[in-house]
Amino acid sequence: MTREEFKLICPAPIGERDTIQMAHGGGGRLMRRLIEDVFLPAFHNPALDARHDSAVLDIGGARLAFTTDGYVVSPLFFPGGDIGRLAVFGTVNDLAMAGARPLALSAAFILEEGLPLELLRRVVASMRAAAEDAGVPLVTGDTKVVDRGKGDGVFISTAGVGLVPPGVDVRPARVRPDDAILLSGDVGRHGVAILSVRDGLRFEGAPESDCAPLAGPVGALIESGIEVHCLRDLTRGGLASALNEIAADAALSITVEETAIPVIPAVAGACEILGLDPLYVANEGRFIAFLPAAQAEKAIEVLRGHPFSAGACMIGRAASGSATVTLRGRLGGSRPLDLLSGEQLPRIC
């Protein structure tokens, strides 16, 4: 492989730009700035200002969670998943992070001229199977076709609605000092699975994506009576970005233990070869939960009873202080765990 063929983008700091860069969609510092400088001022309202994965709306006495997302992954098929599974599970997971039971999904397909119909049938069949696995119907949608060379095969945009049970409130503002932080499983699988088939890269023992629906373990956690304060799934920007988002929105400090964060050897090895930090690598089937420390042991037991959160563990705590995230290292030292300033893994969802 030549240097020109190897297209992994280094996460170097990026300054002010007057055009959109790939890093604006990478889950790091530039994406947060784009949201705060462009979208929030334009569409300011209480539901949006909550800055959660789903908006929670009071409608006729019921609380509905509503979310939307776009999927532009490359390649379309990868170990453990494909763009269709991502589109369904990603939307279901955003609803679950609001504590909601998913009710229905919609999907819009942006298709490039020349796309083989057989490939589209594979994507649609995968979406159908994923929706059945998640127990949620896809009830409406739309299709558009763009000129050859103006797309990337298939782009999918999905939206979903779900019902939030009475008394459930899991916004970032609910996080409290001394809350325990639970992680549902090992991190970094999805990003490494994508890299294992992109641009001819191959890693020995490369893992499958962790792509999975999370409404099951979240529902079990809520139904157990655990006082869940906040939930966040780990997608673009990985665990580190999710922790920084919560710290900023809750105006609290967070400390996590490196030795407590599970990373399987295949992911650790691939990241070491490529100079990546697995804490920033994308996931599609992992989440963090903030809850009272006294309930952490029970919550871990509940989560470990579900196949999609069998590796649940406590990784740290929230505390009063400035909106920072600190990682206590394996050798006893500490370092800031900040948002990425550049782009690490483009096109992972």
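Quick rundown of the values:
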read-out	value
Residues located in segment 173-211, provided they are farther than 26 Å from Pro292 by Cβ and either in contact with a Cys (Cβ under 6 Å, 6 or more places away or on another chain) or in a loop (DSSP other than H, G, I, E, B) (or both)	Gly188, Leu201, Arg202, Phe203, Glu204, Gly205, Ala206, Pro207, Glu208, Ser209, Asp210, Cys211
Matching residues in segment 231-277 - criterion: being touching a residue at least 12 places away in the same chain (Cβ under 8 Å) and of a type in the set (D, E, K, R)	Arg232, Asp233, Arg236, Glu245, Asp249, Glu257, Glu258, Asp277
So Glu284, is it closer than 25 Å to Val72 by Cβ, assigned to a loop (DSSP other than H, G, I, E, B) and at pLDDT 95 or above	yes
One residue from Ala42, Ala65, Ala104, Ala108 being touching a helix residue (DSSP H, G or I) at 6+ places or on another chain (Cβ under 7 Å) and of a type in the set (A, V, I, L, M, F, W, C)	Ala65
Qualifying residue in segment 212-224 (condition: part of a loop (DSSP other than H, G, I, E, B), touching a strand residue (DSSP E or B) at 6+ places or on another chain (Cβ under 8 Å) and not assigned by TED's automatic domain parsing to the domain that holds Pro79)	yes
Residue ID - nearest to Pro165 (Cα to Cα), chosen from residues in segment 210-237 that are of a type in the set (Gly, Ala, Ser) and modelled with pLDDT of 95 or more	Gly219
Residue identified as of a type in the set (Val, Ile, Thr), buried (at least 18 other Cβ atoms within 10 Å of the Cβ) and touching a residue at least 40 places away in the same chain (Cβ under 8 Å) among Val197, Val161	Val161
Check on Pro292, surrounded by fewer than 17 Cβ atoms within 10 Å (Cβ to Cβ), touching a residue at least 40 places away in the same chain (Cβ under 8 Å) and either within 22 Å of the chain's Cα centre (by Cα) or at positive phi (or both)	no
Candidate set from segment 75-90 (those that are in contact with a Phe, Trp or Tyr (Cβ under 9 Å, 6 or more places away or on another chain) and part of a helix (DSSP H, G or I)); member that is nearest to Ser224 (Cα to Cα)	Gly90
Options Glu258, Glu272; residue that is among the acidic types (Asp, Glu) and at pLDDT below 95	Glu272
Qualifying residues in segment 66-88 (those that are under 17 Å from the mean Cα position of the chain (by Cα) and among the aliphatic types (A, V, I, L, M)) - the one surrounded by the fewest Cβ atoms within 10 Å (Cβ to Cβ)	Val72
Strands (runs of 3 or more DSSP E) lying entirely in segment 95-166 (those with 2 or more residues that are within 19 Å of the chain's Cα centre (by Cα) and among the hydroxyl-bearing types (Ser, Thr, Tyr))	154-163
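Matching residues to (1) assigned by TED's automatic domain parsing to the domain that holds Pro137; (2) at pLDDT below 95; (3) among the aliphatic types (A, V, I, L, M); (4) closer than 21 Å to Glu132 by Cα:
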{"site": "Leu34", "(1), (2), (3), (4)": "no, yes, yes, no"}
{"site": "Asn45", "(1), (2), (3), (4)": "no, yes, no, no"}
{"site": "Leu48", "(1), (2), (3), (4)": "no, yes, yes, no"}
{"site": "Ala65", "(1), (2), (3), (4)": "yes, no, yes, yes"}
{"site": "Pro79", "(1), (2), (3), (4)": "yes, yes, no, yes"}
{"site": "Asp82", "(1), (2), (3), (4)": "yes, no, no, yes"}
{"site": "Arg85", "(1), (2), (3), (4)": "yes, no, no, yes"}
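The values are calculated or read from the model by the stated rules, or taken from the named source; none is laboratory data. This structure is a prediction, so every number in the text was calculated from the model and none was measured. Note: ideal-geometry Cβ built from the backbone for every residue, glycine included; neighbour counts use all protein chains shown.
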